[in-house]
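Below is one structure; the comments refer to it alone.
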Amino acid sequence: MGSLIQSVDWLAIAPPTVTAVVALVVLVADLFLPEGRKPLLGRLSVAGLLLAGLSLLPLLDGDRSTFCLTGVSDRDACSYAADHFTLVIQLLVLGGALLTALLSMSAVRDQRLPEGEFWFLLLSSAAGAALLPASRDLATLVVALEVASLPAFALVGLRRGERRSSEAALKFFLSSVTATAVTLLGVSFVYAATGTLHLTEIAEKLGHVDPRLGTLAQAGVALTLVGFAFKTAAVPFHFWVPDTYVGAPLPVAAYLSVIGKAVGFTGLILVTVVAFPSYASVWAPALAVLAALTMTAGNVAALRQRPERAHSAVRLLAWSSVGQAGYLLVPIAAAGYADDPAHAIGSTVAYALMYAAVNLGAFAVAALVARTSPQNRITDYRGLYARRPLAALAMGFFLLCLAGLPPGIIGLFAKVTVFTAAVDAGLGWLAIVMALNVVIALYYYLQWTATLFRPAEEAETAAPARVPAPLSAAIALAAVTGIALSGAPQLVLRFASQALL
Amino acid sequence: MSHTALQYLLAAIVVLPLVGAVASLLPAPPGLKGKSPEQAVLRHGVTVTGAVLALSIALAAGFDHDSPARMQATTDISWIPALNIRIHLGVDGVSLPLLVLTALLTFLCALYSYFKMPAGPSPKAFVALLLVLESGTLATFAVLDLMLFFLAFEMVLIPMYFLIARWGGEGRERAAWRFILYTLLGSVVMLLGLLLVGIKGGTFDMVALATDNGSKLSHTTQLIAVLAIGTGLAVKAPMWPLHSWLPDAHTAAPTVGSVLLAGVLLKMGTYGFVRIVLPVAPDGAHTFAPYLAAFAAVGIIYGSLVCLNLARKGAKGDLKRLIAYSSVGHMGFVLLGIATLTPTGVNGALFANIAHGLITGLLFFLVGAVKDRYGTSDLDALSGRTGAALYGKAPRLGGLLAFGAIASLGLPGLAGFWGEMLAMFGAFRPADGLSRPAFLTFMALAGLGTLLTAAYMLVVVRRVCMGGDGGSTRPQTAGTAQDAPADVRSYEFAAWTPLVALTVLAGLWPAALLGLTDPAVQQLLRGGN
């Protein structure tokens, strides 16, 4: 009989903890700072996120775990594991949050968002998102998911007095809460059937459930998966996405499109690959169909966006993010067919890293354009090259990365890994559906890219205003990441070739 | 020359244009400012492409001509171990002529643009795009890794799109869209095929795959792979009925765009067939060869019939469009040669590739010059009632146009003859197992195609070069035609003479080229060893 008192490995849990602590510090400091010094909060948050990112460094071995139940079974069942998968996703989350924070610094001031609340909510959500990949039991998983989502609702509705903003928040809230309720129901069924919440133990026990509880276990698995699919904005739970993105402050939309997605996918990966591998014959085909539907729905809707409509840029990015979610689902579906599922999901991780960098970059340029044209129509991007050549080149690069066309080499090879995962798993039809989708996506991404370089309709009257330093830093950071990855794709693609979990 | 030197030469040839493209976007350093920023950047383009041409000539000189079947100047370093992608470069007898042709045509285009910049936005972007285009094309011919091949294949799309859409003529946006969408649709399918080959064959390395000669790929895999890869390449080549992007793109593109499109970009498709499809999936190629040959034969007939129709009086045929359609016919010969799967046919195809690059490049230059002088390339507007009488008004231009037309119809003694003759010769006795009667039919169709080609080319010569005295028959629509059009200018001479000389040289001394390609082709068909 081992000790019942758990020892806590503080170093292992540092990344989410640091983020959460900084969030609290920001909230308290907000009370004591005079109005004029509020920008300090933004800098504090950026520093906190950097610190949290640095705290990943001592964990690079990837062999730590904590909050373990000792002596219950022959193996230790831990609730928190800092393995390579965790570290990569935490890097994605913290890096994404950092870029979002840089984006937000000027937006918070321009749109008169309440500073203390904004930074607190952003950091809290990031803390939840950083906790999620490390969770190895269903309770922690659900709690982390909620910590990541609840502040996000508030962030979406933060533009006070804007009808669209509160409507967006409500839509987002309702759909997300439904997902959580469904997940919780599923989790409770699974617990009832197996008697444990730890993912690895569930995997073990699901294999030989009492036949009388068989239906309960199956229902539990199905409901849990539905809940997570909801979070990833997979078809048919994707309708909230465009309205929410348009209604939210732009940096929040960027945050949702990257970290919100990453959260859903991480949860889905953990649940499918770690907890329910014995049900692979059920969830794998379901996810494959879901992937095909999601990417098709997202891309077709993005294709139908009219460039002269108000907010068409964000709307297009929103729909395209639904399409990209479809690609991200492909390797997870393939994992169900593979002999070594942990291997296949590496493609999702690699793709998600690429997507995070370039999508945040695209949102950053959109934020830049929104400063002069608040309508943010795609037609407003005409002549961007003449006005701001570097921003236009960066935007072109991001869009081509998303499309997967040189010079966006990383985008191309990230798609290649996803294709490889599908072909490897024998999902030839899914590869073909994805190929068609890639072509559809190429159409609208290219059209936007071409718009950037078209001469503007009317002559420019005023000289372009100065770009705030944090915003240009965000664009530069995303662009440098994208270019570095294009030169050395191995940096992220190596995750596709090793077992992460 | 030592192997290391060659290695660096080849790497430099691929990388230098890219570096040049970046450099052209930066402000000119002091001392190289020239008369104006425009002139400086155009001169920069000429310098870089000239340097690339010099390097590729040095590469050709250092190439061991006694063993053209061997991959030379090879570099092989790991790039993305996760996907098993290597930076593997090398040239053999098949790729070397194409490499030199690309460097030559791009240089001539840069030279031509230096004096006659197409109307459009700043020359800075023009030069940068031209250089990226050159790098992508050269890389396509130099890489020996399937994924890198795909990357290079895609790399040319964006620059070509912008060249057409920004500096093109009427209907350019639509034509550019059509070009890029068709090619992308094809290349995504091709990517799937390449991945299939890579995954089932265990490597993306073209040399290793060619050595395996399909032994690791099941018959079904080969069929799917050839179908998928072939579709992508056939769009590019272009093969009838996937050609419909081509006439619009060629017509709308600026002169140098058309020259490069016809001269080198189309060759990427046929090169892919020879380099990838034939050696990597021989069974699949064997199954689909008759269909490819049939489409090729239809393409030959179709291309020449459309041209005949365009050349008709009162058809409002555009001269550029006509040359574009003639490309469909000429590329049909190339595809027919490949489809025979015999050394004779494939050698003919490669020869016709080069010949088409030289001759059609020259023709597009000439038509561009005519269009500049008359403001139109509409055949009816040009020739008026009796003919444009270019012989009388601008004898040198007229003579060159007649030369190009005659070379294009395949007059013995000029470059156009050998490739088409060998392709048909290959079809006369196709590889074992292919239906001989079918190929004899295709050969007969191709023969008919040559006759039709001769017919429309001669009609064009008659209508453009000959005609009345020019006094009463002067075209009404031509604004500047009150005076006789200027004859060939010196920079035009400089840009066109190399093409004329090489056309004659390749026609009189085909062994120079065939001696390079034949051993390499023999080896590829045998299975790379």
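Please treat every number below as a calculation from the coordinates, not as lab data. Small disclaimer: the values here were computed from a predicted structure and weren't measured. So basically every Cβ, Gly included, is an ideal-geometry build from the backbone, and we count neighbours across all protein chains shown.
Cross-link partners among lysines for A:LYS415, C-alpha distance below 29 Å, same-chain residues fewer than 8 apart left out?
Straight-distance partners of A:LYS415: A:LYS231, A:LYS261, B:LYS200, B:LYS216, B:LYS236, B:LYS267.
Direction-averaged shadow area of the convex hull around the Cα atoms of chain A, nm²?
For the Cα atoms of chain A, the hull's average projected area reads 22.7 nm².
Can you work out the FRET efficiency for the pair B:ARG462 and A:ASP63, with r the C-beta to C-beta distance and R0 = 60 Å, to the nearest 0.05?
With R0 = 60 Å, the Cβ-Cβ based efficiency is 0.10.
Going by C-beta contacts inside 10 Å, put A:VAL300, B:VAL461 in order with the fewest on the left.
Arranged by neighbour count, lowest to highest, A:VAL300, B:VAL461 become A:VAL300, B:VAL461.
Report relative contact order for chain B in percent, whole number only (criteria: Cα-Cα under 8 Å, sequence separation at least 6).
15 percent
With the dipole of the protein assembly as shown worked out from charges on the C-beta (+1 for Lys and Arg, -1 for Asp and Glu) around the Cα centre, which of B:ALA152, B:SER218, A:VAL271 lies farthest toward the positive end?
The one lying farthest along the dipole's positive direction is B:ALA152.
Which shape class applies to chain B: rounded if a/c is under 1.5, otherwise prolate when a/b exceeds b/c and oblate if not, where a ≥ b ≥ c are the square roots of the Cα gyration tensor eigenvalues?
Verdict is oblate for chain B.
Over the alpha carbons of the range A:222-377, what is the largest minus smallest coordinate on each principal axis, giving the biggest first in Å?
54, 25, 21
Using Cα atoms only, what is the angle between the long axis of helix A:280-303 and the major principal axis of chain A, expressed in degrees (0 to 90) to the nearest 10?
Its long axis makes an angle of about 10 degrees.
Quick one: Debye curve from the alpha-carbon atoms of the range A:277-501 only, equal weights, vacuum; give me log10 I(q)/I(0) at q = 0.09, 0.13, 0.15 Å⁻¹ to two decimals.
The Debye formula, applied to the Cα set alone, gives -0.38, -0.73, -0.93.
Ratio to report: Rg/Rh of the range B:1-169, with Cα atoms as the point set and Rh obtained by the Kirkwood method; give two decimals.
Computed over Cα atoms, the ratio is 1.00.
Return the inverse of the average 1/r over all pairs of distinct C-alpha atoms in the range B:311-451, which is the Kirkwood hydrodynamic radius, in Å to one decimal.
For the range B:311-451, the Kirkwood estimate is 16.1 Å.
Among rounded, prolate and oblate, which fits the range B:258-529 when a ≥ b ≥ c are the square roots of the eigenvalues of its C-alpha gyration tensor, a/c under 1.5 means rounded, and a/b larger than b/c means prolate?
Prolate shape, in that a/c is at least 1.5 and a/b is the bigger ratio.
Pick out, from A:TYR381, A:LEU213, A:TYR80, the residue whose Cα sits farthest towards the positive end of the charge dipole of chain A, with +1 on the Cβ of Lys and Arg and -1 on the Cβ of Asp and Glu.
A:TYR381
Can you put B:VAL207, A:VAL289, B:VAL259 in order of Cβ neighbours within 10 angstrom, beginning with the fewest?
The most exposed by this proxy come first: A:VAL289, B:VAL207, B:VAL259.
List every DSSP H helix in chain B whose Cα atoms extend 20 Å or more along the helix's own long axis and whose mean Kyte-Doolittle hydropathy is at least 1.0.
Helices meeting the criterion: B:3-25, B:37-62, B:95-115, B:123-142, B:172-201, B:219-236, B:282-311, B:319-339, B:415-428, B:436-465, B:490-508.
Just the isolated ones, please: cysteines in the protein assembly as shown lacking another cysteine beta carbon under 4.7 angstrom.
Within the protein assembly as shown, the cysteines lacking a partner Cβ under 4.7 Å are A:CYS401, B:CYS109, B:CYS307, B:CYS465.
Treating only the Cβ atoms of Lys and Arg (+1) and Asp and Glu (-1) as charged, compute the dipole magnitude of the range B:258-529 about its Cα centre; round to the nearest 20 debye.
That gives a dipole near 420 debye.
At a threshold of 8 angstrom on Cα-Cα distance, excluding pairs fewer than six apart, so keeping six or more, what relative contact order does the range B:258-529 reach in percent?
Relative contact order for the range B:258-529 comes out at 27 percent.
When the scattering of the range B:389-452 is computed by the Debye formula from its Cα atoms alone, each counted once and equally, what is log10 I(q)/I(0) at q = 0.14, 0.16, 0.19, 0.22 Å⁻¹?
Taking Cα atoms of the range B:389-452 as identical point scatterers yields -0.53, -0.62, -0.75, -0.87.
Can you tell me what percent of all Cα-Cα pairs in the protein assembly as shown are more than 41 Å apart?
Value for the protein assembly as shown: 45 percent of Cα pairs lie more than 41 Å apart.
Go through the range B:322-430 and name the trypsin sites (Lys or Arg not before Pro) that are in a DSSP coil and have 15 or fewer other Cβ atoms within 10 Å of their Cβ.
B:ARG385
Going from the alpha-carbon gyration tensor of the range B:272-355, what semi-axes, largest first and in whole Å, does one get by taking the root of 5 times each eigenvalue?
In descending order, the three semi-axes are 30, 12, 9 Å.
Of B:LEU358, B:ILE323, B:PHE333, which is farthest on the positive side of the dipole of the range B:258-529, counting Cα position, with +1 on Lys and Arg Cβ, -1 on Asp and Glu Cβ, and the Cα centre as origin?
B:ILE323
Using Cα centres only, tell me the gap between the range B:151-210 and the range B:497-529 in whole Å.
26 Å
Can you give me the P(r) profile for the range A:172-220? Cα pairs, bins 5 angstrom wide beginning at 0, each as a whole percent.
Values per bin, smallest distances first: 5, 22, 27, 19, 11, 9, 5, 1.
For the range B:331-353 and the range A:15-83, what is the separation of their C-alpha centers, rounded to whole Å?
Here the two parts' Cα centres lie 65 Å apart.
Among all the lysines, which ones have a C-alpha under 19 Å from B:LYS35's C-alpha, if same-chain residues fewer than 8 places away are not counted?
B:LYS116, B:LYS124
Given charges of +1 on the Cβ of Lys and Arg and -1 on the Cβ of Asp and Glu, with all other atoms neutral, how large is the dipole of the protein assembly as shown about its Cα centre, in debye to the nearest 20?
Roughly 2800 debye for the protein assembly as shown.
Going by the alpha-carbon gyration tensor, a ≥ b ≥ c the square roots of its eigenvalues, is the range B:177-315 rounded (a/c under 1.5) or, if a/c is not under 1.5, prolate (a/b greater than b/c) versus oblate?
prolate
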